[in-house]
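Just below is one structure, and these are the notes that go with it.
The values are calculated or read from the model by the stated rules, or taken from the named source; none is laboratory data. It should be emphasised that the depicted structure is a prediction, and the values quoted were computed from it without experimental measurement. When we count neighbours, we look across all protein chains shown, and the Cβ atoms used for this are built from the backbone with ideal geometry, even at glycine.
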Amino acid sequence: MTQSFLLYAPKIIFDFCFDILYFLPWWYSKGLKQTIKSLWNFLLRKEKELAVGVWIRNIHKPLLEQYGWQGRVKSIVLRIGQIMMRSVILCFWIFITMFSILLYVILPLLVIWQIIYQII
């Protein structure tokens, strides 16, 4: 038991120190890239779910095949309302995503600052 501990202790200590030193470069390079990529895919899925572009493209088509002027007016009013509400929801998700990226960037610096503040 002690032989295996003595054999693996230097490797374990080296790996531990390397992980601590490599954490910040990884966090701000590969980790940030992966986070931005996953949040971008999240926003693309949300845009696809809300389908704002589809509502904009079909704004002049009447609903339920009512081609009279009343049907067209109702259609345009309804679709403008849908576009506005869906755009607000999409802006909410964009805001949440941007806040998540900002939190991802600031969090390690805040933790390091708090550790230093507690030591001093």
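Scan segment 56-77 and tell me whether some residue there is among the basic types (Lys, Arg), without any contact (Cβ under 8 Å) to a residue 12 or more places away in the chain and within 30 Å of residue 28 (Cα to Cα).
No - not one qualifying residue is present in segment 56-77.
Name the one entry in 26, 93 that is of a type in the set (Phe, Trp, Tyr) and touching a Leu at 6+ places or on another chain (Cβ under 7 Å).
Numbers: 26 fails: touching a Leu at 6+ places or on another chain (Cβ under 7 Å).
Unique residue meeting the criteria: 93.
Would it be correct to say that residue 36 is assigned to a helix (DSSP H, G or I), over 30 Å from residue 109 (Cβ atoms) and modelled with pLDDT of 95 or more? Full working, then the answer.
Details: assigned to a helix (DSSP H, G or I): yes; over 30 Å from residue 109 (Cβ atoms): no; modelled with pLDDT of 95 or more: yes.
Judged against the criteria, residue 36 is not a match.
Does segment 99-115 include one or more residues that are more than 21 Å from residue 31 (Cα to Cα), part of a helix (DSSP H, G or I) and free of Cβ contacts under 8 Å to residues at least 60 places away in the same chain?
Step one: list which residues in segment 99-115 are more than 21 Å from residue 31 (Cα to Cα), which gives 114-115.
From what's left, part of a helix (DSSP H, G or I): 114-115.
Next, only the ones that are free of Cβ contacts under 8 Å to residues at least 60 places away in the same chain stay: 114-115.
The answer is yes, given that some residue of segment 99-115 is more than 21 Å from residue 31 (Cα to Cα), part of a helix (DSSP H, G or I) and free of Cβ contacts under 8 Å to residues at least 60 places away in the same chain.
Of the conditions (1) among the charged types (D, E, K, R); (2) farther than 21 Å from residue 95 by Cβ; (3) at pLDDT 85 or above, residue 47 fails just one. Which one is it?
It fails just one condition, (2).
Yes/no matrix, rows are residues, columns are (1) among the acidic types (Asp, Glu); (2) part of a helix (DSSP H, G or I); (3) at pLDDT 90 or above; (4) surrounded by 10 or more Cβ atoms within 10 Å (Cβ to Cβ):
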{"residue": "13", "(1), (2), (3), (4)": "no, yes, no, yes"}
{"residue": "18", "(1), (2), (3), (4)": "no, yes, no, yes"}
{"residue": "31", "(1), (2), (3), (4)": "no, yes, yes, yes"}
{"residue": "41", "(1), (2), (3), (4)": "no, yes, yes, yes"}
{"residue": "61", "(1), (2), (3), (4)": "no, no, no, yes"}
{"residue": "76", "(1), (2), (3), (4)": "no, yes, no, yes"}
{"residue": "91", "(1), (2), (3), (4)": "no, yes, yes, yes"}
{"residue": "95", "(1), (2), (3), (4)": "no, yes, yes, yes"}
